[in-house]
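What follows is a short report on a single structure.
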Amino acid sequence: MSKKYSMPRIGDKAPNFKAQTTKGPIELENFAKDKWIVLFSHPADFTPVCTTEMTGFATRKPEFDALNTELLGLSIDSIHSHLAWVNNVREKTGVYFDFPIIADLDMKVSKKYGMLQPNEHETAAVRAVFFIDPTKKIRLVMYYPLNVGRNMDEIIRVLEGLQISDEFKVALPLNWKKGDKVIVPPPANLDEMNERISNDSYVDKVDFYLMKKSI
Ligand code: BEZ
């Protein structure tokens with residue numbers, strides 16, 4: 001039987017950790033209290049899929065900045081390996097991974113976050129993404145296997161979705177993207193039901209429990 005490690009779930013407090021990164025030592029609890037964090041793991045430095053993904057995070061970093069979000073990478077590699085890879089990618093492609101990457105050689109963070117999934121690989125982290133809100137609560141989790149790269153548009157879409165759903169207290173339909181209409185939350189009582197029926201500003205009304213509005 002293979003080892004099982006904990007997997008934090010949506011709604012859980014993000015497990016705290018201290019770690020060495022390419023930008024120096026960090027502790028999750030000490031990240032700014034008003035920032036979102038996208039914590040993501042990759043299986044190994046100097047591998048092709050990981051290089052495309054990290055390049056995606058680096059080139060789209062201005063969009064994460066605009067969404068008030070810190071990027072935090074991780075793999076079970078040494079700081080020396082991370083530094084050599086960051087420098088190599090910069091030399092070969094001009095892209096600079098200008099965000100901290102955790103050197104999780106003792107696998108402490110990987111195990112806390114269920115990034116080590118031994119039936120996929122005993123010693124390399126899977127491709128995980130944790131969306132952590134400013135209260136340090138986990139709001140969305142993605143796990144991808146070693147051989148399938150993630151989709152940066154989807155990572156940014158769900159981050160925007162989480163922030164918009166918090167701000168406007170709405171839900172988001174299938175394939176929602178920024179600028180689309182949002183779902184008016186279903187009513188919780190008769191007054192809310194009657195308001196939804198009579199309010200002509202709501203659109204795409206199917207019935208009192210399914211309608212949309214612009215924000
Ligand atoms: C890659 O990033 O290309 C990769 C890493 C580990 C296993 C398979 C692929």
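The values are calculated or read from the model by the stated rules, or taken from the named source; none is laboratory data. Only a predicted model underlies this, so the values are computations on that prediction, with no experimental measurement involved. All Cβ positions, even for glycine, are placed from backbone atoms using ideal geometry, and neighbour counts span all protein chains on display. The area values use the complete protein model at the heavy-atom level, side chains included, leaving out ligands, DNA and RNA. Shrake-Rupley method; radii C 1.70, N 1.55, O 1.52, S 1.80 Å.
Overview of results
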quantity	calculated
Flag for Arg196 being outside the structural domain of Asp65 (by TED's automatic domain parsing), over 23 Å from Asn68 (Cα atoms) and either charged (D, E, K, R) or at pLDDT below 95 (or both)	yes
Selected residue (only one of Phe57, Phe46, Phe64, Phe17 is over 23 Å from Gly149 (Cβ atoms) and aromatic (Phe, Trp, Tyr))	Phe17
Pairs, first within 14 Å of Met54 (Cα to Cα) in segment 138-161, second part of a strand (DSSP E or B) and open to solvent by 30 Å² or more (accessible area, probe 1.4 Å), C-beta under 7 Å, six or more apart	Arg150/Tyr144
Filtered residue count, segment 29-60, keeping only those that are of a type outside the set (Ser, Thr, Tyr) and within 15 Å of the ligand (Cβ to nearest atom)	13
Matching option when the condition is assigned by TED's automatic domain parsing to the domain that holds Ser110, open to solvent by less than 30 Å² (accessible area, probe 1.4 Å), more than 26 Å from Gln117 (Cα to Cα) and in contact (Cβ under 8 Å) with a residue 12 or more places away in the chain, among Phe64, Phe40	Phe64
Any hit, segment 81-90, residues being over 23 Å from the mean Cα position of the chain (by Cα), of a type in the set (Ser, Thr, Tyr) and either surrounded by 14 or more Cβ atoms within 10 Å (Cβ to Cβ) or within 21 Å of Val129 (Cβ to Cβ) (or both)	yes
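This table checks each residue for (1) among the acidic types (Asp, Glu); (2) part of a strand (DSSP E or B).
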site	(1), (2)
Arg9	no, no
Ile37	no, yes
Phe40	no, yes
Phe57	no, no
Asp65	yes, no
